[in-house]
Amino acid sequence: MNRALRTSIFPFAVGLIVLASPAVAQEPDYSAEVAALMANPAVVEALDLIDQRDARTMADLLELTEIPAPPFGEQARGIRFLRMLGELGVDSAWVDEVGNVLGLRRGTGSDEVVAVTGHLDTVFPEGTDVTVRQRGDTLFAPGIGDDTRGLATVLAILRTLNEADIRTNANLLFIATVGEEGLGDLRGVKHLFRPGGPRIDAFISIDGTGHTSLTHQGLGSHRYRVTIRGPGGHSWGDFGFANPAHALGRAIDNFDLSADAITRSGAATSYNVGRLGGGTSVNSIPFEAWMEVDMRSASPQSLATIDDVFRRAMTRAVDEANAQRRDGALLSLELELIGNRPSGEIPETDPFVQRALAAGRALGIESELERGSTDSNIPISMGIPAITIGGGGVAGAAHSPGEWFINRNGALGIKRALMITLAQVGTAIAS
């Protein structure tokens, strides 16, 4: 016999306006909507199933963690994730042109699409030992929290919906993206939101661990590789030639002084020289020197400003070094944009954010609103409702070989992710 979840959750339509007085409209009661959803027997069963299947979720976490997924090398993990989607049950599953893995679970009454995502890639290079080691209640492995936990949570949501036989009004698109980390520059999610990409009306990124964070503001960033080239030569015999390493040092100093002055006020903005290289020997004038620079800001305008300051500092340094040279060819400057993550925010008052907050409160969680740099940056910058949340559990030492995970409140994080999803997909029907 069918059990209907007759909730009043219609996230993609204009809600009924209830007049409190002839002139004042009452705001939607998202807490009441979520409370009605949680009171339904099918949802109660789903929440219980998350606890019952926790061992299976942990098995998925361990299996996926031990499949290497270095930057630009996510294929093996993606293939296994695709098979897992098929084993759990979706209406269709495929890998797109850049390597994103997608599984569509069709809804019953809407063309709208809610995406539930995690990212496949880790920051660790090819050849990194990703064997999971256990000491007490702690699991150690590179990438186990960021973001293999997110992938395991995505699978847990799909499994729970299928086992509880909950049908949703909107379509659900379960996605494992590529290229979220570092020089991947969000290439997976950028491909999803390209013109002609799959329809996505709301976006939930599950990235990392924990059960309280709710990121609805995107932290924008520009990343550059700076290369200064010259003729090179012998440190004694060719003394007086323009030196790319000297010019690079001058460029860093110019940039640091200028950027420091403009980042002391206004929107929060940061800058960092993270990597440097070049040269062949201690007694050679380098023919090339390079560095990689990261700039971030909560404000698109401030990010554009520090970008301009950076470019001017680089050009000025090379011009000064060329003017100082005594002999030889001029130095050349190359600025390569290797990372561009847009900023923006979904207002706290947005129905999507409010439903997510209400879903947390229904589970006894007071969510912490945050700004971050995640897959959600892209839809946020386009005005598409998007948030990033954790997948449960506790982790630390992310992006280091000593990364660790403890399954503390792991199920609670999955429950929160499920409730946020159900609150957004509309009226559901369980059979």
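As a summary of the residue check, ALA259 satisfies the conditions (1) farther than 15 Å from ASP294 by Cβ; (2) among the small types (Gly, Ala, Ser); (3) assigned to a helix (DSSP H, G or I) except for the one numbered (1).
Could you go through the range 200-208 and let me know if any residue there is in contact with an Asp or Glu (Cβ under 7 Å, 6 or more places away or on another chain), of a type in the set (S, T, N, Q), in the same structural domain as VAL425 (by TED's automatic domain parsing) and farther than 19 Å from ALA417 by Cβ. No, the conditions are met nowhere in the range 200-208.
Kindly indicate which of LEU172, LEU155 is in a helix (DSSP H, G or I), assigned by TED's automatic domain parsing to the domain that holds ALA398 and among the hydrophobic types (A, V, I, L, M, F, W, C). Break it down stepwise before answering.
Working: LEU172 fails: in a helix (DSSP H, G or I).
Result of the check over LEU172, LEU155: LEU155.
A residue that is out of contact with any Phe, Trp or Tyr (no Cβ under 8 Å at 6 or more places or on another chain), under 30 Å from ASP54 (Cβ atoms), in contact (Cβ under 8 Å) with a residue 24 or more places away in the chain and not charged (D, E, K, R) occurs nowhere in the range 232-243. Scan the range 109-136 for residues that are in contact with a Leu (Cβ under 9 Å, 6 or more places away or on another chain) and of a type in the set (Val, Ile, Thr) and the total you get is 5.
Would you list the strands (runs of 3 or more DSSP E) that sit entirely within the range 360-431 and hold 3 or more residues that are of a type outside the set (Gly, Ala, Ser) and assigned by TED's automatic domain parsing to the domain that holds VAL189?
Details: elements: 368-372, 386-389, 394-396, 404-406, 428-430.
So the answer is 368-372, 386-389, 404-406.
Tally up the residues in the range 264-305 that are part of a loop (DSSP other than H, G, I, E, B) and farther than 19 Å from SER381 by Cβ, please.
Quick first cut of the range 264-305, residues part of a loop (DSSP other than H, G, I, E, B) only: 264-268, 279-283, 286-287, 298-299.
Next cut, farther than 19 Å from SER381 by Cβ only: 264-266, 279-283, 286-287.
Result for the range 264-305: 10.
Applying a threshold of 7 Å to beta carbon distances and a minimum spacing of six or more residues, or different chains, the list of pairs starting in the range 179-200 at a residue that is under 22 Å from GLU336 (Cβ atoms) and ending at one that is assigned to a helix (DSSP H, G or I) reads GLY179/ARG187; GLY179/GLY188; GLU180/GLY188; LEU186/ASN377; LEU186/ILE378; VAL189/ILE378; LYS190/ILE378.
Which of the residues that make up the range 322-351 are part of a strand (DSSP E or B) and polar (S, T, N, Q)?
SER332, ASN340
Within the range 88-98, identify whether any single residue is closer than 21 Å to ASP146 by Cβ, surrounded by fewer than 18 Cβ atoms within 10 Å (Cβ to Cβ) and not β-branched (Val, Ile, Thr), and answer yes or no. So far as the range 88-98 goes, no, none of its residues is closer than 21 Å to ASP146 by Cβ, surrounded by fewer than 18 Cβ atoms within 10 Å (Cβ to Cβ) and not β-branched (Val, Ile, Thr).
For every residue, the table says whether it meets (1) farther than 20 Å from GLU33 by Cα; (2) touching a Ser or Thr at 6+ places or on another chain (Cβ under 9 Å); (3) among the charged types (D, E, K, R).
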{"site": "SER343", "(1), (2), (3)": "yes, yes, no"}
{"site": "PRO351", "(1), (2), (3)": "no, no, no"}
{"site": "LEU357", "(1), (2), (3)": "no, yes, no"}
{"site": "LEU369", "(1), (2), (3)": "yes, yes, no"}
{"site": "TRP404", "(1), (2), (3)": "yes, yes, no"}
{"site": "ALA411", "(1), (2), (3)": "yes, yes, no"}
{"site": "ARG416", "(1), (2), (3)": "no, yes, yes"}
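Taking GLY339, is it surrounded by fewer than 22 Cβ atoms within 10 Å (Cβ to Cβ), under 27 Å from ILE200 (Cα atoms), among the small types (Gly, Ala, Ser) and touching a helix residue (DSSP H, G or I) at 6+ places or on another chain (Cβ under 9 Å)? When the stated conditions are applied, GLY339 passes them.
For the range 104-135, the set of residues classified as touching a helix residue (DSSP H, G or I) at 6+ places or on another chain (Cβ under 6 Å), more than 15 Å from THR168 (Cα to Cα) and assigned to a strand (DSSP E or B) consists of GLY118 only.
Taking (1) under 26 Å from GLY182 (Cβ atoms); (2) part of a helix (DSSP H, G or I); (3) charged (D, E, K, R) in turn, ASP319 satisfies each apart from (1). Checked against (1) within 20 Å of the chain's Cα centre (by Cα); (2) not assigned by TED's automatic domain parsing to the domain that holds ALA411, ASN243 meets all criteria but (1).
The values are calculated or read from the model by the stated rules, or taken from the named source; none is laboratory data. None of the values given here were measured: they were computed from a predicted structure. Backbone-built Cβ (ideal geometry, glycine too); neighbour counts: all protein chains shown.
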